[in-house]
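Report on the following structure.
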Amino acid sequence: MRLSSRFILDNLFLLAAAFLVVASMTWSAGVAGWIAFGVSAGITVIAGISAVLAEKNARKLGHGLIGLVALWSLVAALAFSGTLLTWLVFADAVAVGVLALADLTAHEATTEKVVHQLVVHEGTTAAGQRAAA
């Protein structure tokens, strides 16, 4: 079984968002701002590359939106300070998490992920195959 890159990236974005939610409420605004800057820069680059290289529009849209929210978080981390920065980091992290979870749900709910495979071995009868299953 092979995991899709969309599944892996959505889970990565979700973990990064959860980390930022905790970081925004744990550390001071200055420290949380710089952590948000670094994590948001990483999310922006990865989501942007994924959106550009994606073949399907659903993936382009999902990762594009995540990249835009992370880009706004990156800008907000540099432009604001104090309590406002703390709450912006928190809100942006929640937004990235919600979008990643929505994209993950959309990915898993599609019918293209359902795979049916019939394996027939030579020399076995239908009754033998049913008994083996």
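The values are calculated or read from the model by the stated rules, or taken from the named source; none is laboratory data. From a predicted model like this one, the values you see are computed outputs, not experimental measurements. Don't worry about glycine lacking a Cβ; one is built from the backbone with ideal geometry, like all the others, and counts go over all protein chains shown. Please note that ligands, DNA and RNA were not included when accessible areas were found on the heavy atoms of the full protein model with its side chains. Shrake-Rupley method; radii C 1.70, N 1.55, O 1.52, S 1.80 Å.
Quick one: what are the phi-derived ³J(HN,Hα) couplings along the stretch 85-98, Karplus 6.51/-1.76/1.60 with θ = phi - 60°, whole Hz, x for glycine and proline?
Computed from phi, the couplings for the stretch 85-98 are 5, 4, 6, 5, 4, 4, 5, 5, 5, 5, 4, 4, x, 5 Hz.
Label points 7 Å out from Cα along the Cβ direction at Thr105 and Val45: separation in nm?
Here the answer is 3.1 nm between the modelled labels.
With all protein chains present, calculate the accessible area of Phe19 using a 1.4 Å probe and round the result to the nearest 10 Å².
90
In Å, what Rg and Dmax follow from the Cα atoms of the stretch 1-121?
Expressed in Å, the Cα Rg and Dmax of the stretch 1-121 come to 16.6, 68.
Using a 1.4 angstrom probe with every protein chain in place, what is the largest-first accessible-area order of Trp72, Trp87?
Trp87, Trp72
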